Amino acid sequence: MEKPKVLVTFDSMKDANCGYFSFGKGLGDALIQENKGKFELKFYLFKQTKYLFNGLVDIIYLSRLDRLFFKKKNDFEVVHLSDQTCRLRPSKVNAKKIMTIHDMNKVHLKFSKPHRIQVYLKKLGKLIAQCDKIVCISQFVANDVKHYFPESANKISVIYNGADKSVSDENHQPAFKPRKKFLFTIGLLSVQKGFHLLPALLKDNDFELVISGRETPHKQRILAEAEKHNCLDKVHITGPISDEDKAWYYKNCDAFLFPSVAEGFGLPVIEAMHFGKPVFLSKFTSLPEVGGDVAYYFDNFEPEHMQEVFKKGMNDFAQNNRVKETIAQAEKFSWEIAANQYLNLYQECLE
């Protein structure tokens, strides 16, 4: 009997330094591993993508003409658009269509102009209407979608992302190595990540702060805050880093900090918890779903409050030895679990 044909789009993996790359690699590898002959899988990618799944799956390369006419529009029973920026439009394929929505951050960002938000909502609403199933990567995102598109409520489900366990090579040394004990965070240097709030946590202690990720003009505000709190010599912005450097920082940091106010999931939080590190998060958006009861939360971003949460959290983590429960929380999120939930959803669409 012929296997059902499923196309999964991973065209947002083009930029190896963005979260969509990690998502695509993690989910794609797990789909290949967990499929076990159920479906004939094919992935949709840019030719320039740095990771092509080791030749273990057939790949269809994106063409700019696909927006006008997709030659393989009738070749699949199920098409999974793995993010809402999909370059292959749902209307261009004749199949059951699933779309994963990673976030609706634009509606939460105070600097987004109202007319731009309306354009964004109209475009997203059109995509949602053309799909048979909508997957959200957290309950927070699902609540956003239901709020703005209540007519879609009956086709929404939540499938949490997984997180790869980084492996730290004992002999590896990062390009930048802190001189003293240090705190770590990673992500795009954007306003919503909140990295400019972190220099305040270096008050009255010997910690250094390492911030890694793609730089933007917001870097200057982070440095200005460091100067304001008299700790400019203790704040180190590395730019993008290798996976080996990232694993070293996770393994050797004293705590991981992530005060983001616009997060669909929060993959770095799980990566840090895999190493049994205390994590300090904002209480906003999806982060409480990821950190659970083992994380420490900033209720607001007043320096005194953040300093108090940090000091109490570090003491609690050390006194009660919370390493095992932190690792256990991280292990609730795996790509194998996510892949099986997606495979079940593909089957559900066929039924």
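The values are calculated or read from the model by the stated rules, or taken from the named source; none is laboratory data. Owing to the predicted nature of the structure, the values given are computational and were not obtained by experimental measurement. A quick note on method: Cβ atoms are made from the backbone with ideal geometry, for glycine too, and the neighbour counts reach across all protein chains shown.
Observations
- Residue within the range 54-64 that is farther than 25 Å from residue 264 by Cα, in contact (Cβ under 8 Å) with a residue 12 or more places away in the chain and not aliphatic (A, V, I, L, M) present: yes
- Scanning the range 68-100 for residues being in contact (Cβ under 8 Å) with a residue 60 or more places away in the chain and either more than 16 Å from residue 123 (Cβ to Cβ) or within 16 Å of the chain's Cα centre (by Cα) (or both) gives a total of 14.
- Residues satisfying the stated conditions in the range 98-133, i.e. assigned to a loop (DSSP other than H, G, I, E, B) and surrounded by 19 or more Cβ atoms within 10 Å (Cβ to Cβ): 102, 103, 104, 131
- Matching residues in the range 153-181 - criterion: being at pLDDT 90 or above and under 30 Å from residue 143 (Cβ atoms): 153, 154, 155, 156, 157, 158, 159, 160, 161, 162
- Enumeration of residues in the range 232-261 that are touching a strand residue (DSSP E or B) at 6+ places or on another chain (Cβ under 7 Å) and of a type in the set (A, V, I, L, M, F, W, C): 235, 237, 241, 253, 255, 256, 257, 258, 261
- Unmet criterion (only one of (1) modelled with pLDDT under 95; (2) closer than 19 Å to residue 11 by Cα; (3) among the polar types (S, T, N, Q)) for residue 100: (1)
- Residues that are touching a strand residue (DSSP E or B) at 6+ places or on another chain (Cβ under 8 Å) and either farther than 15 Å from residue 331 by Cβ or in a strand (DSSP E or B) (or both) within the range 270-293 comprise 278, 279, 280, 281, 282, 283, 287, 288, listed in sequence order.
- Only one of the numbered conditions (1) at pLDDT 95 or above; (2) surrounded by 14 or more Cβ atoms within 10 Å (Cβ to Cβ); (3) of a type outside the set (Val, Ile, Thr); (4) closer than 20 Å to residue 100 by Cβ is not met by residue 86, and that is (1).
- Those helices (runs of 4 or more DSSP H) lying entirely in the range 294-351 with at least 2 residues exposed (fewer than 14 other Cβ atoms within 10 Å of the Cβ), without any contact (Cβ under 8 Å) to a residue 24 or more places away in the chain and of a type outside the set (Lys, Arg): 303-319
- Residue within the range 267-280 that is modelled with pLDDT of 95 or more, of a type in the set (A, V, I, L, M) and surrounded by fewer than 24 Cβ atoms within 10 Å (Cβ to Cβ) present: no
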